[in-house]
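A.B. asks: There's a structure below that I have some questions on.
Values quoted throughout were computed directly from the atomic coordinates according to the rules given, and no laboratory measurement underlies them. Quantities reported herein were computed from a predicted structural model and do not represent experimental measurements. Because the Cβ atoms are built from the backbone with ideal geometry, glycine has one as well, and the counts that use them run over all protein chains shown.
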Amino acid sequence: MSYWSTETLITEIPSQGLITPFNKGQIQRCAYELKMGPEAFITATDGKLKTLLKEGECIIIPPGQFALLLTEEVVKVPLNAIAFISMRFGVKQKGLINVSGFHVDPGFAGRLKFSVYNAGSREITITRGDRIFMIWYSSLDHATKDGYPECDDGQNTISSNDQNLMHGDVASPSQLKKEIDGLKYSHDWNKWLLQIIIALLIAIGVRYYFIEYQTAVKQDDIQHLRSELRKEIVHELRQTVSPQLISEPNQQKQRRNIESQKMSIPQR
């Protein structure tokens, strides 16, 4: 297996019709630079529909989102060769990663579909016609009979099946971070709320203890004080009231007894 040189690419690509349209100026350091084509599908697109691009129009791939990009050129790989694909460093430096594979089978014919992921922290803008893809050709030891099966025009467009495979919400790292921060805030809030509830329960328990027990003790003390006070009052009254007032009822009783004795003595 040997990779094709720049000179071989210049000769073989137009002679075999391997890349259409062909531009010699897009051959750089033994690789052919492919352009962004007319269609793209981005997971964050409103309505989840593919985007059709006119010349000069662009797409924006948000951070943490996938996209399916179609090349401008139609690519063919002969049965005696295999191709390898990647993305230019300038685009990868921004965080755009190719996740669709790195080779093209012998016998393939059609536009290439690059499945990419924005692993960066910023939006990435791509304009139709930007040279962002790369392809290398390499010869096999002989032509193979096990080539890529022929397919319909679905290879030249982003089909509904392609879109269905990429449907669904994709959470970006920044969105996940926000959700994690939200959960952390909620956890901290719940923690503080639990501490407040525990403190309130302790306060209610302490208050209940003093009301039910300490108040009862105080009531007993009050009853004891009232009894002692009553005794003191009675004692003071006994000390201060006139003996005459106390003995007067006794003197009256003695008079009644003397009179009754006189009446009982017989007269002579």
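A.B. asks: Can you give the FRET efficiency to the nearest 0.05 for Phe84 and Ile198, using r as the Cβ-Cβ distance and R₀ = 45 Å?
C.D. replies: 0.10
A.B. asks: Treating only the Cα positions of segment 1-144 as identical point scatterers, give the base-10 log of I(q)/I(0) from the Debye formula at each q in 0.09, 0.16, 0.20 Å⁻¹.
C.D. replies: The computed values of log10 I(q)/I(0) come out as -0.28, -0.83, -1.18.
A.B. asks: Using 18 Å as the Cα-Cα cut-off, could you pick out the over-long pairs in Lys35/Lys92; Lys50/Lys76; Lys76/Lys113?
C.D. replies: Going by Cα-Cα distance, Lys50/Lys76 fall outside the 18 Å limit.
A.B. asks: How large, in Å, is segment 5-72 by the Kirkwood hydrodynamic radius built from its alpha-carbon pairs?
C.D. replies: Mean inverse Cα-Cα distance, inverted, gives 14.0 Å.
A.B. asks: Here is a further query. Quote the FRET efficiency, to the nearest 0.05, computed for Glu7 versus Lys92 with a Förster distance R0 of 30 Å and r equal to the Cβ-Cβ distance.
C.D. replies: It comes out at approximately 0.65.
A.B. asks: Give me the Kirkwood hydrodynamic radius of segment 49-102, using the inverse of the mean 1/r over all pairs of distinct Cα atoms, in Å to one decimal.
C.D. replies: When all Cα pairs of segment 49-102 are included, the Kirkwood radius is 13.8 Å.
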